[in-house]
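Presented below is the structure to which this report refers.
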Amino acid sequence: MKLSTKGRYAVMAMADLAARQTEKPVPLAAIAASQNISQEYLEQLFARLRRAGLVESVRGPGGGYRLADDPEDIFIIEIIRAADEPLQVTRCADGDGVIGCQNGEACITHELWSALSRQICSFLSHITLGDVINRRNLALAAEVRRTSALPMHHAGEVAAGAAATRREPEEV
């Protein structure tokens, strides 16, 4: 999977910031020391996170950063995308397409890696920063959010762990 240090470090830094969330802004030096990430690198990441509207900066003495929203409302996929990190498992240059796969054709394992990439993106789209810092069961949190987004008749079946089955109408 192509997830470089940019995406991982952005999530780590945002989790650190969320865990320290108070009225006072948090200086990048504190996050850098805590996460063992260079402050210069964090400055680049936080510029991207600020442009994406995920953090707010406060200048001057006592300045730093704070979350722009509640940790429960910031999804991990947003952080990774703000860090300009592509999430893909295929070797294709265009992600889910076939450019660069195998001479313009999908290789034999293309659908496997493509489906895995979609699953990863879906999972990260259902996990919040709040889930991470509160050390929740992430698989359960993602499943609850995923099923709560389904229509009610289907959500109940999934939540109960039952397979979605439909009875055929009886012949009259």
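Read the figures in this text as sums done on the coordinates, not as results from a lab. Since we're looking at a predicted model, the values are computed, not measured. Counting neighbours? That spans all protein chains shown, and the Cβs are built from the backbone with ideal geometry, glycine included.
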Work through the residues other than A139 whose Cβ is under 12 Å from its Cβ and net out their charges, Lys, Arg +1 and Asp, Glu -1. +1
Among the stretch 2-22, those whose backbone N falls under 20 Å of a label point 7 Å along Cα→Cβ from D73 are 14-22
Could you calculate, for the stretch 32-78, the ratio of the Cα radius of gyration to the Kirkwood radius, expressed as Rg to Rh? 0.97
Packing-wise, with mean Cβ within 10 Å as the measure, how do 16-22, 133-139 rank, highest first? 16-22, 133-139
Simple label model, 7 Å out from Cα along Cβ direction - S4 to D84, nm: 0.9 nm
When S117, S38 are arranged by how many other beta-carbons sit within 10 Å of their Cβ, fewest first, they go S38, S117
